[in-house]
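Values quoted throughout were computed directly from the atomic coordinates according to the rules given, and no laboratory measurement underlies them. Fair warning: this is a prediction, and the values are worked out from it, not measured in the lab. Here the Cβ is made from the backbone with ideal geometry for all residues, glycine too, and neighbour counts use every protein chain on show.
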Amino acid sequence: MEMRHAYADCLRQLMEEDPRVVLLDADLSKASGTLPLHKGFPKQTLDCGIQEANMASVAAGLASYGYKPWIESFAVFASRRILDQITISIAYAGRNVKIVGTDPGIGAELNGGTHMAVMDINALRGVPGMVIFEPVDECQLRKAMPVLNAYEGPVYMRLFRKNCPDIFPEDYVFDLFKADLLREGTDVTLFATGIEVKETLDAAEILEKEGVSAEVINVHTLKPIDRETILASVRKTGCAVTAENHSVIGGLHSAVLETLAEEKIPVTAVGFRDCFGEVGKIPYLHEKIGLTAEHIVKEAHRALELK
């Protein structure tokens, strides 16, 4: 199932269980996979039109009356365009609103650079009290949705809309504030988030054939970041690589570096390097931006040399 349809299915279950759960979107319900919810739950859904800032403010108002609003749009619009409303109406006011940004980074594909969110984590990491989460596959998304809904406070979920390869088994136990150790290793730590987790696991397989033992950690929550897991891993391996479908400025790479500031451990990066995206399909963009397993392997060797 595509991630957007799994997300909509989870939201349907939450809306059935609790009439206070409401959905607001900005004329993108078809793209987000939630159009059936508007038809099935007319009293719990609202299309605000192409007015993302107004959507955020309406959600804050609904939260003031005890509702549990979820708002959604393309990630560029759910972060950059409405940053002031998120900051003041939602976060500063302490409102319980869940924000879903779809098609982050290269997920925007043919919509091109204008629609490619490469700084949404950067922007929202600076908002006090904001939790930032990025699911890696359908299983993790389904485990996470009830947890996010129950969490009291603002959350930004970075959601890849299309199919994602399975990473977790069905008996996976989700912890919002604990990163996932996917593979143990001793030579280098590979930290990844979102669609880069699969690339990182592939990179670890390549490195193993080259005699390098790589530890792989899925950092699904970017803020607050799991300092304990990060520190424990790099103190064992002595070097690290971060891989993200986002700018290396202000995202996972920056968050890991902030955690390791006093450790004097080399950390190299895979991600957007101070650049915008462009029009293209995902395989092309993966190679063009430098997000492939081969790029991760290259950076792992560079980290090992620095160690």
Only Lys, Arg (+1) and Asp, Glu (-1) charged, at Cβ; the stretch 3-159 dipole about Cα centre in debye = 220 debye
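Pairs to check: K198/K288; K143/K236; K162/K198; K143/K264; K30/K162. Give those whose C-alpha atoms are more than 24 Å from each other in this structure. Show your work: numbers first, answer last.
Numbers: K198/K288 18 Å; K143/K236 30 Å; K162/K198 14 Å; K143/K264 36 Å; K30/K162 13 Å.
Flagged as over cut-off: K143/K236; K143/K264.
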How far, in degrees from 0 to 90, does helix 293-306 lean away from the longest principal axis of the Cα atoms of the chain, to the nearest 10?
-> 50 degrees
Pseudo-spin-label distance A261 to K288, built 7 Å along Cα→Cβ, given in nm, is 3.6 nm
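What does the C-alpha gyration tensor say about the overall shape of the stretch 42-129? Classify as rounded when a/c is under 1.5, otherwise prolate if a/b is larger than b/c, or oblate.
On the way: a/c = 2.42, a/b = 1.44, b/c = 1.68.
It is oblate, given that a/c is not under 1.5 and a/b is not larger than b/c.
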Hey, got the dipole for the chain? About the Cα centre, +1 on K and R Cβ, -1 on D and E Cβ, debye to the nearest 20?
-> 760 debye
Among K281, K198, what is the fewest-to-most ranking by other Cβ atoms within 10 Å?
-> K281, K198
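Within 10 Å, at most 16 other Cβ atoms, and a DSSP state outside H, G, I, E, B define an exposed site. Report the longest part of the chain free of exposed chymotrypsin sites (Phe, Trp or Tyr not before Pro). Write down the numbers at each step before the final one.
Values: sites that count: Y65, Y151, Y172, F177, F276.
By the stated rule (loop sites, at most 16 other Cβ atoms within 10 Å), 178-275.
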For the chain, calculate the relative contact order in percent as a whole number, restricting contacts to Cα pairs under 8 Å that are 6 or more residues apart.
-> 17 percent
Once the dipole of the chain is set up with Lys and Arg at +1 and Asp and Glu at -1 on Cβ about the Cα centre, which of G238, T259, G112 lies farthest towards its positive end?
-> G112
Selection from L14, W70, A60 lying farthest towards where the dipole of the stretch 3-159 points positive, charges on Cβ | A60
Rounded to the nearest 20 Debye, what is the dipole magnitude of the stretch 189-307 about its Cα centre when Lys and Arg each give +1 and Asp and Glu each give -1 at the C-beta?
-> 120 debye
Could you put C10, C164 in order, starting from the residue whose Cβ has the fewest other Cβ atoms within 10 Å?
-> C10, C164
By average C-beta atoms within 10 angstrom, highest first, the peptides 248-256, 200-208 = 248-256, 200-208
Residues of type aspartates and glutamates that K39 reaches as a straight line, Cα spacing below 12 Å, ignoring anything fewer than 8 places off in the same chain | D47
Scaled by the rule-of-thumb 2.2 N^0.38 Å, the alpha carbon Rg for the stretch 3-159 gives a ratio of 0.93
Excluding same-chain residues fewer than 8 positions from K43, which aspartates and glutamates have a Cα within less than 16 Å of its Cα?
-> E16, E17, D18, D25
